[in-house]
Amino acid sequence: MFEYIKGVLEDKITGQCGFYLIVEVNGIAYRLEVPEIDYNNSPEVSSEIKVYTSLIHKEDSMFLCGFLQKETRDIFKILTSVSGVGTKMALALLGRFDACDLISIVINEDYKELTLAKGVGTKLAQKIILELRDKLIKANIAPVKPDDPLIETQASKDTFSVLQSLGYEYDEIKSSITVVSSRLSNPNDSEELLRECLKHLSM
């Protein structure tokens, strides 16, 4: 329903219930629940802010979750599609790990690292990794064009697959890999290439 909200940050609220940003747009104030990382990285009150949104509609309530980066919002949507992971837990995971770190943890199957997030036990961490890894790497991924010499290393293939699963288009992924690879000391490092491409695409 809403792709993003751009306006003035009127207030920042935190407590036992979570972390919230109040953003005013044309006289209407939106209350957005955000991950702790985004709360801490948000600008000072009275500054302009752009927040990517996800509308949560339940039987007895409707509210907005907000994210400073598009890829974080997209990861949130994938996380909440995993059985056993609700809105609060997805926000807790993204409050503990940024989007790229979370993707790396899942790809490397490091379930112990996931248990550092509040409310995530060993069994749930293993389940999240199993389902999320499948969604990120195997589910609905279009094949790489066979005549494209750019997507030839394992690092570029891994990066391409993950970014495509997040909804990025072929041409913008290819462009980001081209730009980022030229400035990396080791473009064959999958995690570094993915991290830098995510930063480039969010600019």
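Going by the conditions given, is residue 78 under 19 Å from residue 201 (Cα atoms), over 15 Å from the mean Cα position of the chain (by Cα) and not hydroxyl-bearing (Ser, Thr, Tyr)? So residue 78 does not fit the description; no. For region 122-164, the tally of residues that are at pLDDT 75 or above and within 17 Å of residue 71 (Cα to Cα) stands at 9.
Scanning region 1-25 for residues that are without any contact (Cβ under 8 Å) to a residue 24 or more places away in the chain and either small (Gly, Ala, Ser) or within 15 Å of residue 64 (Cα to Cα) (or both) yields 13, 15, 17, 20, 22, 24, 25. Residues that are out of contact with any Leu (no Cβ under 6 Å at 6 or more places or on another chain) and assigned to a loop (DSSP other than H, G, I, E, B) were ranked within region 115-129; the one that is surrounded by the most Cβ atoms within 10 Å (Cβ to Cβ) is 115. Considering region 169-200, the residues that are small (Gly, Ala, Ser) and surrounded by 13 or more Cβ atoms within 10 Å (Cβ to Cβ) include one that is farthest from residue 101 (Cα to Cα), namely 175.
Can you confirm whether residue 80 is under 29 Å from residue 169 (Cα atoms) and polar (S, T, N, Q)? It is true that residue 80 is under 29 Å from residue 169 (Cα atoms) and polar (S, T, N, Q). Do we have any residue at all in region 45-52 that's touching a residue at least 60 places away in the same chain (Cβ under 8 Å) and closer than 30 Å to residue 115 by Cβ? No, every residue in region 45-52 fails to be touching a residue at least 60 places away in the same chain (Cβ under 8 Å) and closer than 30 Å to residue 115 by Cβ. Taking each residue of region 109-132 that is in the same structural domain as residue 81 (by TED's automatic domain parsing) and looking for partners that are acidic (Asp, Glu) with beta-carbon atoms closer than 6 Å, six or more apart or interchain, yields 129/109.
The values are calculated or read from the model by the stated rules, or taken from the named source; none is laboratory data. Predicted, not measured: the structure shown is a model, and the values here were computed from it. Note: ideal-geometry Cβ built from the backbone for every residue, glycine included; neighbour counts use all protein chains shown.
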